[in-house]
Amino acid sequence: MPLIDVALPLPLFRTFSYRVPEGLTGSVTEGSRVVVPFRNRKEIGIVLGAAAPIGGVKYRDVIAAPDDAPVIDPPMLSLCRWIAEYYVTPLGVALRCALPAALTGAGSPVPSQRTRRVATIELELPSLLHRDRIFARSKQQRALYELLEQLGGRAAVDVLADQLKFSPSVLKGLVARGLVVVSEEVVSRDPFLTRERRAADSHRPSDAQRNALERLALAQPGHVALLHGITGSGKTLVYLELLRRVVLEEKRSAIVLVPEIALTPQTVDRFRAVFGDAIAVLHSGLSDGERYDAWLALRRGEKRIAVGARSAVFAPLRDLGAIVVDEEHESSYKQGDAPRYHAREVAIVRARAEGAVVVLGSATPSLESWTNAQSGKYELLSLPERAGGAQLPIVHVVDLRAERPTRKPSDHEEADAAFAMAISPPLEAALRSRLAKREQSILLLNRRGYASFIQCGACGDVAVCPNCSISLTYHRTPERLVCHYCQHTEALHRTCQRCGGQRLRQRGLGTQQVERLLAERFPSARIARMDVDTTSGKWAHTEILDRVGIGAVDILLGTQMIAKGLDFPNVTLVGVIDADVGINLPDFRASERCFQLLSQVAGRAGRGPKGGEVLIQTRAPSHHAVRCAVTHDYHAFVKEELASRRTPPYPPNVRIANVVVSGINEDATARLATRAVAWVHRLLAQHPSPGVTVIGPAPCPVERVQQRWRWHLLLKGDRPHELGRVARYLVEHFEVPHQHGLRMTLDRDPVALL
Ligand code: ADP
Ligand code: ZN
């Protein structure tokens with residue numbers, strides 16, 4: 001009986017051997033799934049190959065082998081091996097991540113599919129004479145045949161039955177005479193397919209777009225290009241034309257990664273306009289079954305383009321010709337839990353192995369990608385101007401320090417003062433003029449809820465989450481305090497929990513409050529708010545954006561959700577209510593994020609012939625993130641930001657891995673972190689690893705999340721290979737005691753250190 005090596009999705013850096021019983025040998029091959037016993041439960045693993053028996057070891061039997069073909073093909077297996085190695089994750093965990101949930105759930109390994117019966121015309125009857133003869137004694141058969149003809153020769157049996165109310169024998173008769181065949185077909189349940197199809201853009205590529213396309217046409221397999229195109233420069237047209245060549249002409253396949261499908265229905269619509277049903281849209285609204293349907297369609301080659309967020313990089317396409325990573329700088333491309341992969345990096349590794357080209361697109365490329373383009377590792381393609389003659393909007397700064405009222409408002413001025421704290425007079429005037437001209441405005445405030453925190457007027461105490469070291473956000477509808485880290489909610493206290501003080505003040509603005517202020521000030525304006533709280537429904541994002549698209553919204557107010565990808569020509573004003581949200585977070589990427597967000601949201605204005613204007617309210621007008629966003633100067637920003645990451649070095653000047661130690665006991669957590677650092681120091685002393693250093697330990701900037709205390713240490717290194725070796729050694733060999741809920745996680749190339 002053969003012995004096989006199996007990868008299981010467990011936090012253990014090893015594989016496991018099982019015997020294959022006689023009856024199952026046929027369906028056990030490399031890359032197929034097996035159900036195996038593990039301790040006293042069942043696990044689903046992936047077969048890696050044959051294993052060599054070790055004498056004296058008793059092996060357990062495979063329980064089931066549900067696949068008739070491997071679910072992981074050899075290129076996907078090597079991609080997962082790379083992920084496991086680079087991100088220091090067990091192979092089984094990486095493999096699980098590459099498959100749709102329906103294939104990895106412990107319950108039923110084979111998901112139930114919905115199928116339907118489809119009737120297709122087999123024999124065409126060209127002449128009427130023919131028909132009269134054939135259907136002489138069967139009017140019903142003729143009616144059914146002709147209905148099927150009108151429906152394009154092919155229709156679901158239940159649709160036909162609905163329309164004609166025929167008895168099953170009529171269809172049987174047609175089948176018996178060889179005129180029609182009936183087959184079973186898997187039903188796609190993808191609701192994206194029912195969205196109205198827009199017409200394909202028919203712009204002639206500009207010189208810059210044509211140049212980019214010509215360079216891409218010359219690219220060797222595995223080539224990576226960074227498409228740096230300012231907002232509105234027409235990056236999508238470059239993607240579309242590239243895919244037209246790769247998919248329609250060369251008959252190969254392609255993947256398009258977007259930060260989040262729900263936020264980019266317009267982009268998806270543009271792809272669907274050109275490629276129609278060749279596209280599988282993998283969005284978060286899909287059920288497990290729908291996701292599985294899409295996966296199957298991609299694997300069978302029925303769909304040759306996968307459009308989706310991060311995990312679409314694992315789309316089971318063969319003969320991959322191109323991968324597009326739109327908004328490549330977005331942090332949502334990094335997965336938050338194991339395997340903590342970055343989809344951009346995985347895309348590049350996959351493309352190199354499978355001979356595809358990669359296009360990374362952004363108006364504000366990550367510093368990592370920019371540096372790689374400068375060093376010649378990636379090719380730089382630039383779209384320095386807006387497409388179709390549009391101009392970048394003019395950006396004005398409103399210095400909130402100067403706008404602050406000089407005296408305390410009297411009672412009847414109170415409402416005006418509250419409004420002016422949120423919307424300065426210049427921004428109010430700009431909004432008013434847009435409303436008068438029936439043009440649209442977008443307002444960004446990257447803070448949801450009503451007020452950012454509640455503070456006692458007497459002792460200064462701030463209401464904090466009992467589970468996390470984070471202040472609670474005040475929400476008005478429904479009224480409660482909410483932790484934005486762990487979702488803990490509690491009722492609003494009437495008095496200070498610390499000193500019993502009676503005056504609790506709301507500090508800091510949230511979107512709910514601004515929405516109310518706007519509604520009071522502009523009663524006839526149609527205002528839409530878009531943030532996590534208004535978009536919990538499956539299609540909520542799309543509905544709001546579609547309403548903006550048809551002009552049913554005058555002011556769209558929202559968090560960073562509204563900053564991406566939107567292309568509405570009638571939006572002539574963008575207002576940023578508080579540019580400084582997040583600018584001072586203790587994270588090396590805080591400035592970069594702020595610059596990207598401001599640039600992206602500013603890019604929503606003036607996309608049509610009416611032009612546009614941006615007003616940025618800030619208390620830090622001289623901060624380089626704000627200053628460079630105002631002048632649309634990406635290059636100046638990069639120069640200053642790179643310099644600020646030199647001492648101490650941060651990416652891209654060095655590679656890092658963030659090691660977080662957490663536990664429910666504060667002392668035990670701190671002690672373990674301290675021991676881990678000492679351990680690494682000893683390791684580095686015994687086995688010199690050129691360029692690798694360890695920094696810390698220190699409490700994480702957010703010290704406590706969900707009742708767990710958090711400490712971290714940073715591994716830094718300028719040679720990725722050496723850094724990887726040390727990281728792996730630490731994760732595999734440093735012992736974490738089984739007490740106080742202690743845990744250690746490693747995040748390589750982290751996007752944030754909070
Ligand atoms: P980006 O993604 O770079 O911000 P988009 O791809 O959304 O820009 O394009 C911005 C707008 O310019 C879209 O409305 C698009 O239809 C239009 N556009 C793109 N290329 C051209 C072109 N060559 N000529 C005219 N308009 C164009
Ligand atoms: Zn919390």
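Table for the structure above
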item: Sole residue being at pLDDT below 95 and over 29 Å from W82 (Cβ atoms), chosen from A698, A670; result: A698
item: Criterion violated by G45 - all others in (1) outside any loop (DSSP other than H, G, I, E, B); (2) surrounded by fewer than 19 Cβ atoms within 10 Å (Cβ to Cβ); (3) of a type outside the set (A, V, I, L, M) satisfied; result: (2)
item: Pair list, Cβ under 9 Å, 6 or more apart: segment 469-484 residue open to solvent by 50 Å² or more (accessible area, probe 1.4 Å), other residue acidic (D, E) and away from ligand 2 (no atom under 14 Å from the Cβ); result: T477/D533
item: Residue satisfying condition, being more than 16 Å from ligand 1 (Cβ to nearest atom), without any contact (Cβ under 8 Å) to a residue 60 or more places away in the chain and in a loop (DSSP other than H, G, I, E, B), within set G449, G460; result: G460
item: Residue check, G31 in contact (Cβ under 8 Å) with a residue 24 or more places away in the chain and assigned to a loop (DSSP other than H, G, I, E, B); result: yes
item: Segment 500-514, subset surrounded by 13 or more Cβ atoms within 10 Å (Cβ to Cβ) and assigned to a loop (DSSP other than H, G, I, E, B), residue farthest from ligand 1 (Cβ to nearest atom); result: G501
item: Unique match (being surrounded by fewer than 19 Cβ atoms within 10 Å (Cβ to Cβ) and closer than 21 Å to L598 by Cβ) among E414, E428; result: E428
item: Pair list, Cβ < 6 Å and 6+ apart or interchain, from segment 352-369 residues that are under 21 Å from A625 (Cα atoms) and away from ligand 1 (no atom under 16 Å from the Cβ) to residues that are assigned to a strand (DSSP E or B) and open to solvent by 10 Å² or more (accessible area, probe 1.4 Å); result: none
item: Enumeration of residues in segment 51-74 that are on the phi < 0 side of the Ramachandran plot, out of contact with any strand residue (DSSP E or B) (no Cβ under 6 Å at 6 or more places or on another chain) and exposed (fewer than 14 other Cβ atoms within 10 Å of the Cβ); result: A52, I54, G55, V57, K58, D68, A69, P74
item: Residues that are small (G, A, S) and either within 16 Å of ligand 1 (Cβ to nearest atom) or open to solvent by 40 Å² or more (accessible area, probe 1.4 Å) (or both), drawn from segment 434-446; result: A436
item: Among residues of segment 299-313, those that are in contact (Cβ under 8 Å) with a residue 24 or more places away in the chain and either in a helix (DSSP H, G or I) or open to solvent by 20 Å² or more (accessible area, probe 1.4 Å) (or both), counted; result: 8
item: Out of T572, T618, sole residue that is within 17 Å of Q440 (Cβ to Cβ), in contact with a strand residue (DSSP E or B) (Cβ under 8 Å, 6 or more places away or on another chain) and hydroxyl-bearing (S, T, Y); result: T572
item: Filter result for R245 (away from ligand 2 (no atom under 16 Å from the Cβ), more than 19 Å from the chain's Cα centre (by Cα), within 17 Å of H203 (Cβ to Cβ) and touching a residue at least 12 places away in the same chain (Cβ under 8 Å)); result: yes
item: Residue match in segment 643-666 (condition: of a type in the set (F, W, Y), out of contact with any Asp or Glu (no Cβ under 7 Å at 6 or more places or on another chain) and part of a helix (DSSP H, G or I)); result: no
item: Members of segment 455-490 found to be more than 10 Å from ligand 2 (Cβ to nearest atom), within 20 Å of V705 (Cα to Cα) and among the hydrophobic types (A, V, I, L, M, F, W, C), listed by number; result: V462, A463, L481
item: Answer from A338, A322, A353 - the residue that is under 25 Å from V246 (Cα atoms), surrounded by fewer than 23 Cβ atoms within 10 Å (Cβ to Cβ) and over 14 Å from the mean Cα position of the chain (by Cα); result: A353
item: Selected residue (criterion: nearest to ligand 2 (Cβ to nearest atom)) from residues of segment 687-720 that are open to solvent by 60 Å² or more (accessible area, probe 1.4 Å) and within 28 Å of the chain's Cα centre (by Cα); result: Q706
item: Top-ranked residue of segment 256-271 - restricted to ones that are surrounded by fewer than 22 Cβ atoms within 10 Å (Cβ to Cβ) and away from ligand 1 (no atom under 13 Å from the Cβ), ranked as nearest to G549 (Cα to Cα); result: A262
item: Test set (1) modelled with pLDDT under 95; (2) in a helix (DSSP H, G or I) - A727 fails condition number; result: (1)
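The values are calculated or read from the model by the stated rules, or taken from the named source; none is laboratory data. Computed from a predicted model, the values in this text were never measured in an experiment. Here the Cβ is made from the backbone with ideal geometry for all residues, glycine too, and neighbour counts use every protein chain on show. The protein model used for the area step is the full one, side chains on, heavy atoms only, and it has no ligands, DNA or RNA in it. Shrake-Rupley method; radii C 1.70, N 1.55, O 1.52, S 1.80 Å.
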